[in-house]
1. Give me the number: length gained by fully extending residue 36 to residue 70, i.e. 0.36 nm times residue separation minus the C-alpha to C-alpha distance, one decimal in nm.
2. Which stretch or stretches of the range 32-46 have amide N atoms under 17 Å from the point lying 7 Å from residue 62's Cα along the Cα→Cβ direction?
3. Could you grab the Rg to Rh ratio for the range 33-80? Cα atoms only, Kirkwood for Rh.
């Protein structure tokens, strides 16, 4: 199952890494485009790639449907070059 998780994340991460930035609130806050870095879905943590892909409780059910687990750790989300 870990292979499925890592392969799925490689595909998803391409959209975030293609141009070296993303449109998540944490990044937009650093660019001074918005003032609130928190996740708009759960409001509990900063809206980062790691949070969205692995920790956001608002999409835990969808994550479980796709990856077979509600939450993913940093080891599951590591970037391979």
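1. On the way: separation 34, 0.36 × 34 = 12.24 nm, distance 2.56 nm.
Fully extending the segment from residue 36 to residue 70 adds 9.7 nm.
2. So the set is 39-45.
3. Details: Rg = 11.4 Å, Rh = 11.3 Å.
Rounded to two decimals, Rg over Rh is 1.01.
Here, each number is a calculation from the coordinates, and none is a lab measurement. Everything numeric here is computed off the predicted structure, so don't read it as measured data. As a convention, Cβ positions derive from the backbone with ideal geometry for all residues, glycine included, and neighbour counts pool all protein chains shown.
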